[in-house]
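For reference, the structure is listed below as structure tokens.
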Amino acid sequence: MFDRIAPVYDAMNRIMTAGLDRSWRRLAVEAVVQPGQRVLDACCGTGDLALAAEREGGYVTGLDFSPAMLERARRKSDTITWVEGDLLALPFADRSFDAATVGFGVRNVADLDLGLEELRRVLRPGGRLAILEITRPRGVLRPFFSLWFERIVPLLGKVLPGGRAYTYLPASVRRFPGAEDLAELMRGNGFEGVRYRLLGGTIVALHTGVATGGGHD
């Protein structure tokens, strides 16, 4: 499915977020990346978050299990290290990175606990994690976002070549843990100082946390 949507992935991101996804990615990397640090962008897709981390001064590795996504990422940068691999079995040694980011990817991981455990494993003690993800909306804007994501976005996906897979989006958001539940999962998988910030009228959450163990002792 991710190979199929690769050609329309960037366009759909712009459409779904009215272009706000760029600023959200910038906020994510500013929260956890410092110049000169080793950064992992897991589930990197076509590479926009990895590029933002590099602009922040990081030495970035982008990982994704979709060859078609990585093909497009490689066109955007030849200074980032692009790796084909699975978040659930990261091909890196313990404590390999100072920071890690995941943008709009953990919602699709088959075992979220294992994914968080793997991210903690490859982070050094004190390494920081940022997770940017769609969440269930709150408040007065909830009906609008429900209409947008459950009706309009899937219709737009059908218009674009390969975009029919976006019909899965509403179900993936409904079954994903809410913002506080995700924060608790992060705490339970070795992260401390976990916080989250709701963005885009509560449709997106930016979670951050600090790795306590960062690998096997």
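A short reminder: the numbers here are calculations on the coordinates, not readings from a lab. Note that the coordinates shown come from a computational prediction; the quantities given were computed from them, not determined experimentally. Every residue, glycine as well, gets a Cβ built from its backbone with ideal geometry; the counts of neighbours run over all protein chains shown.
Some points to look at:
- Mean Cβ neighbour count within 10 Å, used as a protection proxy, ranking 83-92, 200-209 highest first: 200-209, 83-92
- Gyration tensor verdict on the range 1-86 (Cα atoms; rounded if a/c is under 1.5, prolate if a/b is larger than b/c, oblate otherwise): oblate
- Where trypsin sites (Lys or Arg not before Pro) fall in DSSP loop in the range 1-94, at most 15 other Cβ within 10 Å: none
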